[in-house]
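Below is one structure, written out as C-alpha cells, with a few remarks after it.
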C-alpha cells in the first residue's frame, strides 16, 4: 500500500486530471469528490475511479472543460445543464440556488441533465442537509438489474440518497442502490473467486446462482426482491423521463456499449423543514428518533461508519494499493506526452 | 361468502358508518375508500377495516364529524389539519389545492397532520397521477419494525407510495411497506398456523425465526434487511418531525397501547413533469420504459393486478366472508340502539 496525506492525495488527483484534459474548475471539483470518498474510506468511489474519469475525457465523450448552466424552469424547479461534463462541478453550481429556492418555497427540485455521474450520492444530500435542509437524490446508470419477474437487465443499480439535518451533529445520511448488491461488489467477488448470495442476481436464463460471473452475464436483482425493483423503476422515471434525460438502457445505447461513463441525469429534491409546520421543533424531534435508534444495542446510524472514518483519516491520511498508485502515475506520464497535448 | 354489487357494498358501509358516529361527509369519504380497495380486491384495506374505523369513533379517539382545514405554509407547501378525523376526507380536500400548487411551482408538498390513516396509499398517489402529476406519499404507523442491527420494534411498517402518469392508460403505481411483510400477512400466517420466511422478522431476543407468533412478539424486519430499515427511518422523519407529527412510537404512546387507530401524519409530494424540461416528451418517454418492462416474459407492471381486478369487479361485484358481513350488520344494529344515539 502507498500512504498519502489527504492533501497529497488531492494534489496527485489534480495533477492527473489537469494533465489529461480537465481544466482547473472541473479538475478541482472531480478531485474534491474523489478525495471526499477516500476520506470516508469509500474506496470504490475514490481514486479507484480515476481511470474511468480520465478515459471519458480522453475519448472525447466527456467535456473536461464543461461550464454548467443554471436556469429556472418553474418557481420551485431549477435545471442545471452539465455541458457534457462530470457531475461534481454542476452540483457545486447548483447548491446555492437550490437551497435558496427550497428556503423560499418550502420545497424545490433540481433537474440536473447532460452530465456524467460516476460518484456516490451522499455528498450532495449531505451538503444540503448541512444547510438545514432535508434532501433526496436519484440517478440511473446502465442496465444491470432485471425488472420484477423478468430475467434481462433493464434498470440501473439506481441509488437513492436521503439526508436529514441534525442538531449539533453531521446530518443523518443514507445512499443505497436499488439492487441487492453494488455492481462493484459482485465484480470483486468474481475477481476473488468468491460466491455471492442467491438474492444478488440470476443467470442469463433467469436461473438462480451464487456465481458472480453468472450474475454479471445475467442480471442483478433488486434488494428485497420486487420491492427493490420497484424503487429501481421509480429512479429510472425520475432521473430519466421526468427531467428529459436517458433511461439506463438509453445511456448504454448512447455509449455504444464501449464501457465509458454513463451519460444521464439526476433529480435532487430539497425540503426546508422550517417551512413545514414545526420550525422550532423539528430538529429536537428528529433527535428523539436518533436517540431511540441508538438506545438499542447493535444499532448504528446509517453513515456513522463513514463519519468515524472521516475523523480518522483527517489525522492518518489514507492508503491506496501500489497498483492504483502506479496507474495514476502512468496516467500522469501519458498525459504529459506531446501526442496527448 | 356474501356477494355484493359495488354500490350495494358502498350503501352497506355508509349505513354502518352513519349509524356509528360518522357524519355524511366523513362517512362518504371513508366508505368510498373502503369500496375502492374492495373493487381492486385489496380486502385487507376494504370492509375488513370497518370494525377498526368504527371503534376509533366510538371510543371518542377519532372525530367522525371532522372538518379538515387547508392552509398554505409556504409558496409550495400546503398543510391540511385533519381535525382529528380519518384521512380520506382531508385528502379529498387537499387534492385540488395540491395539484394547483404543483402545476404553479413545478413541485409542491402536502403536510397532512392531526389525522388517522388506516388505508392503503395508492389511491392518493394514483389520483394525483391521473391529473398528470408524479407523486410520492409517506406515512408512519405503530412501532413494529426493528432498526438495522437492533432487535426491538421502533419503526412503523411505513409504506411509501409512488405514481407516474401514463399516456392513454391508468397511472403506474406502487405502494409498498418498508417491512419485508405486511403486518396483516404475518397475523394471517399466525392465525392459519403457517410459517413466515426468516427475512420477515426476529424473536424478542433478536433470534431468527419462521414462527409468525414469535415475530409478532418480537420485531419485523425491513425488506432487503438494512436497506428497508433505512427507508422506514426515512418515512418516520418525513411523516413525523418534518411536518410536526408523531413518530410511530409516539403514536403508540398517544394511544396508550389500546390498539386504536394510529394518530399521525402523511407527507405527499406532487411534481408536475410538464415543468421539468421535457413537457412534450415525458409521457412517451415513460412509455418506452413500460414497453421495455413488458417486453420481458414474466413481468407485469406494479399495480397491474389491481387494475385488472378493478375492471372485473365493476361487472361482477365483490364477495366478503359471511362473518365479516355479520360483523357489519351487528355494528349497524348496535349503532341503531338508543344508548348509542
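At q = 0.05, 0.06, 0.07 Å⁻¹, work out log10 I(q)/I(0) for the protein assembly as shown with the Debye formula, treating every Cα as an identical point scatterer and leaving solvent out; two decimals please.
Per q value, in the given order, log10 I(q)/I(0) is -0.24, -0.34, -0.46.
Taking the rotation axis that maps chain A onto chain B, which residue of A brings its Cβ closest to that axis, and at what distance in whole Å?
A:224, 2
From the label point of residue A:41, set 7 Å along Cα to the beta carbon, how far off in nm is each other copy's matching point, shortest first?
In nanometres, ordered from closest: 5.2.
Once you wrap a convex hull around the alpha carbon atoms of segment B:268-341, what is its projected area averaged over all directions, in nm²?
If I average the Cα hull's projected area over directions, I get 10.5 nm².
Between segment A:166-194 and segment B:160-221, how many Å separate their Cα centres?
24 Å
Order B:315-325, A:5-15 from most to least packed using the mean count of other Cβ atoms within 10 Å. Could you put the intermediate results ahead of the total?
Details: B:315-325: 14.8, A:5-15: 18.0.
Final packing ranking: A:5-15, B:315-325.
Using only Cα positions of segment B:191-299, each an equal point scatterer, no hydration layer, compute I(q)/I(0) via Debye at q = 0.12 Å⁻¹ and quote the log10 values to two decimals.
-0.75
Using just the helices of the protein assembly as shown, give the 222 nm mean residue ellipticity in deg cm²/dmol: DSSP H runs with n ≥ 4 each add -39,500 (n - 2.57), and the total is spread over all residues, rounded to 500.
-13000 deg cm²/dmol
Please give the Cα centre distance for segment B:21-58 versus segment A:50-69, rounded to the nearest Å.
Their Cα centres are 57 Å away from one another.
Return the FRET efficiency for the residue pair residue A:288, residue A:326: r is the Cβ-Cβ distance, R0 is 56 Å, and the value is rounded to the nearest 0.05.
The formula returns an efficiency of 0.65 here.
Indicate the gyration tensor shape class of segment A:81-188 (rounded, prolate or oblate), computed on the Cα atoms with a ≥ b ≥ c the square roots of the eigenvalues: a/c under 1.5 is rounded; otherwise a/b larger than b/c is prolate and the rest oblate. Working shown, then result.
Working: a/c = 2.17, a/b = 1.60, b/c = 1.35.
Prolate, since a/c reaches 1.5 and a/b exceeds b/c.
Per-residue mean of other chain beta-carbon atoms within 10 angstrom of the beta-carbon, peptide B:242-250?
Mean partner-chain Cβ count within 10 Å for B:242-250: 5.
Given just the C-alpha atoms of segment B:3-60, how large is their convex hull per residue in cubic angstrom? Mind dumping the intermediate values first?
Numbers: hull volume 3.9 nm³, N = 58.
Output value, Cα hull per residue: 67 Å³.
Shielding by partners for A:219-229, please: the mean number of other protein chain Cβ atoms within 10 Å of each residue's Cβ.
Average neighbour count from other chains, rounded to a whole number: 5.
For residue A:334 paired with residue A:319, estimate the spin-label separation in nm (one decimal), with each label point 7 Å from Cα along the Cα-to-Cβ line.
About 2.8 nm separates the two model spin labels.
Residue A:297 to residue A:11: extension gain in nm, 0.36 nm per residue of separation minus the Cα-Cα distance?
That pair, residue A:297 and residue A:11, stretches by 98.8 nm at full extension.
Copy-to-copy spacing for residue A:168, label 7 Å out on the Cα-to-C-beta vector, in nm, shortest first?
Ordered by increasing distance: 6.2 nm.
How many Cβ atoms of partner chains, on average, are near each residue of B:169-180 if near means within 10 Å of its Cβ?
Counting Cβ atoms of other protein chains within 10 Å of each residue's Cβ and averaging gives 2.
Nearest 0.05, what FRET efficiency do residue B:52 and residue B:312 give at R0 = 30 Å with Cβ-Cβ as r?
0.65
Just to confirm my numbers, what's the Cα centroid distance between segment A:240-283 and segment A:87-148 in Å?
Comparing the Cα centres of segment A:240-283 and segment A:87-148, I get a distance of 6 Å.
Tell me, what is the percent relative contact order of chain B, built from C-alpha pairs under 8 Å that lie six or more residues apart?
22 percent
What shape does chain B have by the C-alpha gyration tensor, where a ≥ b ≥ c are the square roots of the eigenvalues, rounded means a/c under 1.5, and otherwise prolate means a/b greater than b/c and oblate the rest? Could you put the intermediate results ahead of the total?
On the way: a/c = 1.28, a/b = 1.12, b/c = 1.15.
Verdict is rounded for chain B.
Hey, in the GNM for chain A with a 10 angstrom Cα cutoff, which one of A:32, A:60, A:46 fluctuates hardest?
Judging by the Gaussian network model, the answer is A:60.
Can you list, shortest first and in nm, the gaps between the label point of residue A:210 and those of its counterparts in the other copies, using a point 7 Å from Cα in the C-beta direction?
For residue A:210, the inter-copy label distances come out at 1.7 nm.
Over all Cα pairs of segment A:94-138, how is the pair count split among 5 Å bins, expressed in % and running from 0 up to the last occupied bin?
In order of increasing distance, the bins hold 5, 20, 34, 25, 12, 4, 0 percent.
Each value in this text was obtained by applying a stated rule to the coordinates, not by laboratory testing. Being a predicted model, the structure only gives us computed values, none of them experimental. Don't worry about glycine lacking a Cβ; one is built from the backbone with ideal geometry, like all the others, and counts go over all protein chains shown.
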